Every structure is written in structure tokens, then in C-alpha cells.
Amino acid sequence: MDEKRGSFTGKIGFVLAAAGSAVGLGNIWRFPYLAAKYGGGIFLLVYLVLAVTFGFALMCGEIALGRKTGLSAIGAFRKLDRRFTFVGYLASAVPMIILPYYAVIGGWVTKYLAIFCLGEGTAAASDTYFTHFISKPVEPLFWFLLFIGATALIVLFGVEKGVEKVSKVMMPVLVVLTVIIAVYVALMPGALEGIVYYIKPDFSKFSAVTVLAAMGQLFYSMSLAMGIMITYGSYMKKDVNLESSVKQIEIFDTGIAFLAGLMIIPAVFVFSGGDETALGQGRSLMFVTLPKVFESMKGGAAVGALFFLLVLFAALTSSISLMETIVSILKDKLSWSRKKTCLIVLVGVALLGLPSSLGFGALNGVKIFGLPFLDFFDFISNSVLMPVVAFLTCIFIGYIIKPESLIAEVEGVAPFKRKKLFCAVTRYIAPVCIVLILISSVLDVLGVFQI
Ligand code: PHE
């Protein structure tokens with residue numbers, strides 16, 4: 001990098017910055033719909049187990065890689081072993097795939113904020129409103145461009161710090177509001193069944209696909225397997241306790257995802273009587289369910305507006321972190337100016353996001369492997385590329401540079417309490433499990449055998 005590498009001030013600064021990247025649509029929009037779709041409690045359980053094993057080890061590993069080398073993904077891998085430079089490139093491709101469709105969903109959130117501000121939230125409470133909206137030819141495109149334009153402006157003018165300051169206030173408010181909505185929903189008739197579905201694991205619903213979905217979600221939500229935590233690590237001061245920072249980020253990120261599920265899943269039961277098709281509606285779940293909750297609430301219009309404003313902030317801090325990553329990779333590689341890079345990335349993301357935005361309307365008939373564009377990009381990044389990057393990162397840590405070299409990095413200020421877990425996961429558990437899960441879910445998708 002051409003400019004001097006800044007550092008986060010202390011542990012709080014680091015944890016908040018990393019949490020700003022981690023907490024986003026993944027927690028509030030994606031986690032609840034996956035949990036609803038993949039069996040509720042069993043998904044939650046698998047997710048939690050993966051978070052304290054895979055998630056913990058990978059996040060420690062990535063941050064330590066960044067701090068040890070002082071470099072971002074490509075440079076970090078290259079510095080430690082040139083043969084693994086390609087893993088840095090693969091990891092860098094992930095944000096480039098995610099950002100365009102992330103901004104499409106960010107646009108949907110902006111639209112919902114606008115309708116709640118205009119007092120039209122009641123219309124959004126109808127079952128067909130969301131599908132009708134995303135299948136319009138031009139309107140979703142407008143909101144998508146607005147969202148990505150705002151992200152680009154923030155990155156271009158380097159005002160992320162301002163946004164981060166605001167979001168430090170917004171995030172606790174988001175947590176409190178989510179708790180209030182969850183409690184409100186819990187008191188509605190029929191909610192208990194939903195709470196039980198969400199919390200109590202039903203082992204008959206366990207399958208390799210559940211594990212793959214939970215694993216992809218874990219990487220996505222914690223911004224892992226895409227080089228981002230390596231970059232964050234490169235900015236972390238040596239005297240900050242790495243292990244306990246990771247623990248705090250994980251608790252924060254998982255806590256918000258859990259609360260979002262607690263707010264949305266019981267509401268699905270309240271409004272649809274536990275109808276299986278409602279549980280499986282995927283990407284529309286939040287947009288269809290929450291307006292119904294707000295509609296039933298006194299002052300729901302204001303609560304809805306506040307809620308979507310807070311979600312918008314969470315989405316913005318994540319999209320800023322995605323765009324920053326892409327800009328800094330290209331800027332370093334091609335020695336372009338920051339301004340030029342921002343503009344080119346903006347145009348590139350706008351073009352790449354087009355099919356995802358139009359995929360439910362004008363391009364409705366076009367599918368890739370049977371999936372609309374947005375779902376396809378989501379699948380390729382979360383269920384294919386990120387597990388592959390995670391696998392290669394574990395091999396790299398476990399066998400090439402050896403866990404000991406990173407343990408020394410983690411142990412700068414305090415002993416690494418879970419170093420046995422770190423070694424076991426990076427050397428054996430993660431590589432074996434990721435390969436097994438990938439193979440069996442591919443076979444499952446192909447219908448070779450039913451798990
Ligand atoms: N972790 C973010 C979320 O949960 C998504 C994201 C991924 C953000 C990668 C930045 C980088 O929404």
C-alpha cells in the first residue's frame with residue numbers, strides 16, 4: 001500500500017470496526033430465513049457449534065495472518081509462501097461477487113425505509129407486496145443504484161469514519177429495538193410454537209445441506225474466507241489481545257443474528273400458522289413478515305421506519321467494508337488513484353448488480369442452474385467459493401506455515417487459551433469436514449443419493 005498503514009486505537013476500536021463489517025444483512029436478513037428453511041433449532045445448533053470451532057479458529061487465523069505480515073490477503077499469502085498467492089486472489093474474488101447483489105438487497109431495505117417514512121407501511125403488510133415490488137422492471141434498479149451510489153460516495157470521500165461513528169450509536173439501538181420487537185411478537189397468539197421451532201433442535205431435519213448452509217452463513221456473517229479479516233488484522237496493534245477480541249466479535253455477531261431469528265421466525269408462525277411454505281420463502285422472509293408485525297403494532301409505522309433505518313446503517317457499514325476491500329486491492333495492484341479506482345469499482349458493481357436486480361422482473365425467465373441471478377451469486381460465493389477458500393486457508397495454516405507460527409502471533413500479550421482447538425480445527429477437523437460437506441451436498445444437489 002502506498003500510504004502509511006494506520007492502526008486501530010486499542011481493542012475497543014478494533015472490535016467495533018470488525019463488528020461493523022460483520023454485522024449486516026447477513027445477520028438480520030439472511031440468518032433468519034436460513035434458520036426458518038433448514039429446520040429451525042437444528043440449524044441454530046449446527047451454526048453455534050460451527051461458530052465456536054470453525055468460526056473461532058478461522059477468525060483467529062485470518063487476523064493473525066494479517067497482523068503477522070502487516071499485509072492484506074494477496075500480499076499476506078505471497079509473503080509467507082508464494083505458491084499460495086492464488087488463495088489470496090480467490091479470497092479477493094469473494095467480495096467482488098458479494099457486493100453487487102448485497103447492494104441490490106441494500107436497495108430493497110432503502111425502499112422499505114422510504115415506504116415506512118411515507119406512511120405506506122400498511123400496503124407492505126400484504127402477502128404480494130414484496131414479490132410485486134422486486135418484479136417491477138425499473139424501481140428496484142433505482143433503489144439499488146441509490147444504495148451503491150451512497151456507498152461509493154462514502155468510500156470516495158473517505159467519510160467512513162463519520163458513518164462508523166453514527167453506526168456505533170445505531171448498533172446498540174438496533175439491538176434494543178430487535179429485543180423489543182421479539183418480545184412483542186413472543187406475546188402474540190401462536191408465537192410459542194415458532195419459538196419452540198427456532199430453539200428446539202429436531203435431529204430428523206439434520207443433513208449435509210444444513211451443515212453447508214450453516215457453514216456458508218457463518219463465513220458470510222463473520223466476513224471470513226474473503227480476506228477481509230486478514231486486512232483488519234493488518235491494522236491491529238501488536239499489544240491488543242487477539243483471542244479475546246475474536247471472542248467479542250463472535251458474541252456480538254452471533255447475538256444479533258440470534259435475536260433477528262427470534263424476532264422473525266415466531267412472527268412467521270403467528271401470521272401463517274406455521275405453514276411450511278411460509279418458512280421456506282427464503283430471501284423474502286424479512287420483507288414479508290416484518291411489515292405484518294409493524295402493521296399490528298400501535299405506532300408501528302414509526303417503529304418500522306426506525307427499524308429499516310437501523311438495518312440500512314448496518315447494511316451500509318458492511319457494504320462500505322466490502323467496497324473498501326475491492327478498491328484497495330485494485331488500487332494496490334494497478335497503481336490507480338483512489339478516485340479513479342472508486343469510480344471504476346462503482347461502474348463495475350453497478351453493471352454486475354444489474355442482472356441480480358432485474359432477475360425477478362425483466363430477466364425473470366433467465367436462470368442459471370435453475371436459480372435467479374441473485375440466488376446464483378449468493379450460492380456461488382457462500383456455498384462454493386468461501387468453503388474452498390476456508391479449506392485452503394486451513395491447509396495453509398495447518399501444514400505450510402504451521403499453526404505454531406500463528407500461535408506465537410496470537411500470544412503477543414496473553415497466552416492463547418484455546419490453542420489446542422485452533423490446531424485441531426485448522427489441521428484436521430475443518431479440512432476433513434469441509435471436503436465431506438462439499439462432496440455430499442453436491443451429490444445431494446445432483447440427486448445421486450438422498451441424505
Ligand atoms: N458480514 C456481513 C453481513 O453479515 C457481510 C459482509 C461480508 C460484509 C463481507 C463485509 C464483508 O452482512
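The values are calculated or read from the model by the stated rules, or taken from the named source; none is laboratory data. The structure presented is a predicted model; accordingly, all values stated were derived computationally and were not measured. Here the Cβ is made from the backbone with ideal geometry for all residues, glycine too, and neighbour counts use every protein chain on show. Side chains included, ligands, DNA and RNA excluded: accessible areas come from the protein's heavy atoms. Shrake-Rupley method; radii C 1.70, N 1.55, O 1.52, S 1.80 Å.
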TODO: Mind pulling the angle between the C-alpha long axis of helix 285-296 and the longest principal axis of the chain? Nearest 10 degrees, somewhere in 0 to 90.
DONE: 50 degrees
- [ ] Report, in whole Å, the centroid distance computed from the Cα atoms of segment 428-444 and segment 315-393.
- [x] 25 Å
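Can you work out the FRET efficiency for the pair residue 276 and residue 132, with r the C-beta to C-beta distance and R0 = 22 Å, to the nearest 0.05?
Values: r = 23 Å, r/R0 = 1.04.
The computed FRET efficiency comes out at 0.45.
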Task: Dipole of segment 13-445 [Lys/Arg +1, Asp/Glu -1 at C-beta], most positive-end residue of 284, 26, 306 - done: 26
Task: Nearest-10 value in Å² for the accessible area of residue 184, using the 1.4 Å probe - done: 70 Å²
Task: Sequence ranges 263-269, 186-192, 96-102, ranked by mean other-Cβ count within 10 angstrom, highest first - done: 263-269, 96-102, 186-192
Open item on the list: Just to confirm the number: angle between the C-alpha axis of helix 430-446 and the first principal axis of the chain, 0 to 90 degrees, nearest 10?
Closed with: 40 degrees
TODO: Can you bin segment 308-367 into rounded, prolate or oblate? Criterion: square roots of the alpha carbon gyration tensor eigenvalues sorted a ≥ b ≥ c, rounded for a/c under 1.5, prolate for a/b above b/c, oblate for the rest.
DONE: oblate
TODO: Please compute the net charge surrounding residue 85, taking Lys and Arg as +1 and Asp and Glu as -1 over other residues with Cβ under 10 Å from its Cβ.
DONE: +3
- [ ] Please work out how much accessible surface residue 117 shows to a 1.4 Å probe, ignoring ligands, DNA and RNA, in Å² rounded to 10.
- [x] 90 Å²
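Specify whether the C-alpha gyration tensor of segment 13-445 places it in the rounded, prolate or oblate class, a ≥ b ≥ c being the square roots of the eigenvalues: rounded for a/c under 1.5, otherwise prolate if a/b is larger than b/c and oblate if not.
Numbers: a/c = 1.60, a/b = 1.32, b/c = 1.21.
Prolate shape, in that a/c is at least 1.5 and a/b is the bigger ratio.
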Open item on the list: Rounded to the nearest 10 Å², what accessible area does residue 127 have for a 1.4 Å probe in the complete protein model?
Closed with: 110 Å²
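Of all accessible surface on the chain at a 1.4 Å probe, what whole percent is carbon and sulfur?
Values: 12350 of 17590 Å².
Within the chain, the accessible surface is 70 percent carbon and sulfur.
Given an 8 Å cut-off on Cα distances and at least 6 residues of separation, report the relative contact order of the chain as a percent.
34 percent.
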- [ ] Taking only protein heavy atoms into account and a 1.4 Å probe, give the accessible area per residue of segment 260-304 in Å².
- [x] 32 Å²
Open item on the list: How big is the dipole moment of the chain about its Cα centre under a simple scheme where the beta carbon of each Lys and Arg is +1, that of each Asp and Glu is -1, and everything else is neutral? Debye, nearest 20, please.
Closed with: 1320 debye
Open item on the list: Net charge within 12 Å of residue 111 by Cβ-Cβ distance, Lys/Arg positive one each and Asp/Glu negative one each, not counting residue 111 itself?
Closed with: -1
- [ ] Please determine, in degrees from 0 to 90 and to the nearest 10, the orientation of helix 85-117 with respect to the longest principal axis defined by the Cα atoms of the chain, where the helix direction is its Cα long axis.
- [x] 30 degrees
Open item on the list: Please state the shape class of segment 197-286: rounded when a/c is under 1.5, otherwise prolate if a/b exceeds b/c and oblate if not, all from the C-alpha gyration tensor.
Closed with: prolate
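Based solely on its DSSP helices, what 222 nm [θ] is calculated for the chain when runs of n ≥ 4 H residues each add -39,500 (n - 2.57) and the sum is averaged over all residues, nearest 500 deg cm²/dmol?
Values: 23 runs with 321 residues, N = 451.
Mean residue ellipticity at 222 nm (helix-derived): -23000 deg cm²/dmol.
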